[in-house]
Amino acid sequence: MSDLNTLTIAEARDKLRAGEITSVELTEACLAATEAASTLNAVVHHTPDLAREQAKAADARIAAGDAPAMCGIPLGIKDLFCTKGVASQAASAILNGFKPEYESTVTSQLFDAGAVMIGKLNMDEFAMGSSNETSTYGNVINPWRRGNDATDLTPGGSSGGSASAVAADLCLAATGTDTGGSIRQPAAFVGITGLKPTYGRCSRWGIVAFASSLDQAGPMTKSVRDAAIMLQAMAGHDPKDSTSAEFPLPDFEAAITGDIRGKTIGIPKEYRMDGMPDEIEALWAQGREMLADAGAKLVDISLPHTKYALPAYYVIAPAEASSNLARYDGVRYGHRAKLSQGDGITAMYEKTRAEGFGDEVKRRVMIGTYVLSAGFYDAYYNRARRVRALIKKDFEDVFEQGVDAILTPATPSAAFPLGQEFDDPVQMYLNDVFTVTVNLAGLPGIAVPTGVDGQGLPLGLQLIGKPWEEGDLLNIAHSLEDRAGFVAKPPKWW
Amino acid sequence: MSIDKETARKVAKLARIKVEEDALDALAGEFNAILGFVEQLNEVDVGGVEPMTSVTPMRLKRREDVVTDGDQQDKVLSNAPDAREGFFAVPKVVE
């Protein structure tokens, strides 16, 4: 059977269990697709030997009747996840040569469930970026193009390698992480589903930290059902992450009933931005119609502090990053600068960090250092945390009024050409305008592909759910997916 | 609030990132662009609002103060740029 790499997780699971295909066949199809897609630069550390070994073991488990849903499913893993014995660099030169002696909790749970890793995926350095242009491995290219125009487009970021790999069928799904939109924005740019779970749903242990109060891992998949299946294997309490929640996990796939009659969907007026392209406006209107058609009730809501989410984020995230990234000092792992005669330890730190960090990472570490420094801590950092409390309260107020989920655009545009926004950090930050509120409030959010623009590029809508209600959110997202009927695939040119 | 070259130099020093003298002006310019963007936060009335620490109201868990792990010196040192005789090696710290 050909094209096994194009299957969804749910399709592959059913075929594996029915004995129609083996994980070895499925894995070989993904490895071959990956080999042929080096142009996209999505996979940066290939692990074919490990993948074949895991696939064989998965086939044995399936044959023995012991097959969790993820058993035998080939995945790509974002380079931010520590994987034992496999290079894990967060796409940074400062972690050159780093091979962890341990496995992150999320990948460990996925492998325990029988999942197969085809390799590590490209990303923005330390997950700081919205276009995958800050990686030490070079840019990732979006498999989508504007019709016959061969201009290379960004897959978004920071999980750009994950987005590109899943859209190009190099693997059935991938892990991503989302600090300000890093799962949802790239998912929307390549026409796949990306779920950021509630903060605390997935353990952060073993994931290279960017901004610890905002970071959350989640699945990037070809369908909403796949997101539910994969989340089930990734989520759960972990004693090694003191912020991971101890709530029992519901059955996320079972929550997808196809019935959303009577659900209340909020439409926030503050997400109607000046200068928003007509196509995004039209897509949002279509999304409202689709959910109304499925029996949901639409209500206009207000989230008055939305405008202040990005500025608050660009104080809080760099502040946390400056603290988290202090550990890269050239002592315990990764790069150490060559020193000159007489250089002391401070010179070692300064040279190592100057050589190892890229420009955007340096910028954010220094901004974070500044807003936390004596005299400015209250004016910037504490003020941003107060605004964050107000942003969270905005959401609590509408949920209290009976809103079950909120529908917004996922991104302010379709994928743009590589290089277009790279020289203006603030312009780049605006990519996350619709997604960043969700991280600040700790809520679950999902991007669902719902249409294409005039040039044939995918566009997505975002649904935001109540804390811990990923099941309900996935069910509503499934109704949207079902009615949107998005089936477009990028024509293979790579 | 505007950041000058001296402030940029000081911030780079605090962050332990070496920045060449001729790059400091441009760096100060970038800081000003970003801080200009976050100035909007001053429009918000935050009176009586506590700074948020955690999105989920929670108390950090405590555990028994006992040894749970250890005896992994080789693993701990395996990624070090310079490890000698069971230690991380660094340039001279005390003059």
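Per the listing A:Asp226, A:Asp215, the residue uniquely within 14 Å of chain B (Cβ to nearest Cβ) and of a type in the set (Asp, Glu) is A:Asp215.
Return the residue satisfying two criteria in turn: it lies in segment A:1-55 and is among the charged types (D, E, K, R) and surrounded by 16 or more Cβ atoms within 10 Å (Cβ to Cβ), and of such residues it is nearest to A:Ser164 (Cα to Cα). Before you say what the answer is, go through the steps one by one.
So the first thing to find is which residues in segment A:1-55 are among the charged types (D, E, K, R), and the list is A:3, A:11, A:13-15, A:17, A:20, A:25, A:28, A:35, A:49, A:52-53.
Keeping just the survivors that are surrounded by 16 or more Cβ atoms within 10 Å (Cβ to Cβ) gives A:11, A:13, A:15, A:25, A:28, A:52.
Working: A:Glu11: 21, A:Arg13: 22, A:Lys15: 25, A:Glu25: 22, A:Glu28: 19, A:Arg52: 22 Å.
Ranking the qualifying residues of segment A:1-55, first place goes to A:Glu28.
Tell me whether segment A:10-23 contains one or more residues that are free of Cβ contacts under 8 Å to residues at least 24 places away in the same chain, in contact with a Pro (Cβ under 9 Å, 6 or more places away or on another chain) and either in a loop (DSSP other than H, G, I, E, B) or among the charged types (D, E, K, R) (or both). There is no residue in segment A:10-23 that is free of Cβ contacts under 8 Å to residues at least 24 places away in the same chain, in contact with a Pro (Cβ under 9 Å, 6 or more places away or on another chain) and either in a loop (DSSP other than H, G, I, E, B) or among the charged types (D, E, K, R) (or both).
Based on what the data block shows, is A:Thr177 surrounded by 23 or more Cβ atoms within 10 Å (Cβ to Cβ) and β-branched (Val, Ile, Thr)? Spell out how you get there, then give the answer.
Working: surrounded by 23 or more Cβ atoms within 10 Å (Cβ to Cβ): yes; β-branched (Val, Ile, Thr): yes.
In short, yes.
Please work out if B:Ala33 is of a type outside the set (Phe, Trp, Tyr) and touching an Asp or Glu at 6+ places or on another chain (Cβ under 7 Å). Criteria not met by B:Ala33.
Look at (1) closer than 19 Å to A:Gly442 by Cβ; (2) at the interface with chain B (Cβ under 9 Å from one of its Cβ atoms); (3) of a type outside the set (A, V, I, L, M, F, W, C) and you find that A:Asp397 fails only one, number (2).
Evaluated against (1) β-branched (Val, Ile, Thr); (2) more than 8 Å from chain A (Cβ to nearest Cβ); (3) touching a Lys or Arg at 6+ places or on another chain (Cβ under 8 Å), B:Val55 falls short on exactly one condition, (2).
Taking the criterion of being more than 30 Å from A:Phe434 (Cβ to Cβ), of a type in the set (Gly, Ala, Ser), in contact (Cβ under 8 Å) with a residue 40 or more places away in the chain and in contact with a Ser or Thr (Cβ under 7 Å, 6 or more places away or on another chain), would at least one residue in segment A:309-320 satisfy it? Checking segment A:309-320: not a single residue is more than 30 Å from A:Phe434 (Cβ to Cβ), of a type in the set (Gly, Ala, Ser), in contact (Cβ under 8 Å) with a residue 40 or more places away in the chain and in contact with a Ser or Thr (Cβ under 7 Å, 6 or more places away or on another chain). The sole residue among B:Glu50, B:Glu43, B:Glu20, B:Glu39 that is under 30 Å from A:Leu339 (Cα atoms) and either at the interface with another protein chain (Cβ under 8 Å from one of its Cβ atoms) or surrounded by fewer than 16 Cβ atoms within 10 Å (Cβ to Cβ) (or both) is B:Glu20.
Just wondering, is there one or more residues in segment A:443-455 that are of a type in the set (Gly, Ala, Ser) and over 24 Å from A:Gly200 (Cβ atoms)? Checked against the condition, which is being of a type in the set (Gly, Ala, Ser) and over 24 Å from A:Gly200 (Cβ atoms), segment A:443-455 yields at least one hit. Please verify whether B:Lys10 is within 19 Å of the chain's Cα centre (by Cα), more than 24 Å from A:Tyr381 (Cα to Cα) and surrounded by 14 or more Cβ atoms within 10 Å (Cβ to Cβ), treating the condition exactly as stated. Answer is no for this residue.
For segment A:361-375, residues that are more than 8 Å from every other protein chain (Cβ to nearest Cβ) and either modelled with pLDDT under 95 or closer than 13 Å to B:Lys18 by Cα (or both) total 2.
The values are calculated or read from the model by the stated rules, or taken from the named source; none is laboratory data. A quick note: this is a predicted structure, and the numbers were derived from the prediction, not measured. We place every Cβ from the backbone using ideal geometry, glycine too, and count neighbours over all the protein chains shown.
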